[in-house]
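Below: one structure, written as structure tokens.
Read the figures in this text as sums done on the coordinates, not as results from a lab. All values derive from a computational prediction rather than experimental measurement. Cβ placement follows ideal geometry from the backbone for every residue including glycine, while neighbour counts extend to all protein chains displayed.
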């Protein structure tokens, strides 16, 4: 007699489907593209994935990747030494703008974009989630209290899903000189020339702009379109060394300590200023014929800049001599061509992403080793990586379900 044993998988499937905690744990580890498809599985899954609490948990578990933007229509995803995953998006074509769009900033999975230049067309600003292909065109700021034509000098996105599902957009615009003169806060500068500004904040919760703080004066060369968000505060640095910080919640203006250096500003070049892994980094390079520099990090209490890493690119220059270029009729015989794209610092790695002629290099800040990154994906060809130095933009990106 033969005994046949038949295993029925149905009870096991029913056990899994009935375990809400297990299903949640599995879904939290899936990319947004998969989650959007799985909303159609059942009403239970639709309700679970649509829950704001699920979105916050998903964002907290997601690992940050790097978006490489070479042109407005060519976007790729790189890993800086880790295993590559499928790019969360490759273009912004879903934004309906006849002029095209370009990325200005990335903040926890949301992008701040603006329309590309087109003669006769005013610039529009967008908040989008490229993972869900949702976007919103921002209304123009109110420009209250100013009779003339206002100019926006910088727009910045602030979004922290661990604190709120809502985001804010901070706009620095021009204002009347008389309004700024009445404000008690003035940026100290050796230059007599200064401009007057007002900050306005857009909230996704109210869908309106409002004035934030009082008008203020700042040096004429303050670069407001290159702000860095860190600790709920936006930071700006001018080429002459002045700095400005704006705490979004407190609506308070302040300044950062100066970078420790004996070099004159005529010889100093700010080459990198960004945040990564909860750290604010700054890199200056003193002269174009040097391969050595330091990565500085701001103390949490804003007391000082500390030298965090010492970088020496001489081994990279030896491996890739195409970095070496010669001056014509100058006292310096040669210089080195490279661009600092991104410092990625977390518990696992501390890496510096470089762009040299025709190549991208990952430099380990801890052991000073390096390697060429070749696995950019289907959009990255040899022609694409032969771009002019300084024309490649890199953004940190997290896959998120957050709405706009």
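Could you line up 117, 296, 94 from fewest to most neighbouring Cβ atoms inside 10 Å?
117, 94, 296
Taking neighbour Cβ counts within 10 Å as the exposure measure, how do 22, 211, 112 sort from fewest upward? Let's see the in-between values first.
Values: 22 12, 211 16, 112 21.
Lowest count first: 22, 211, 112.
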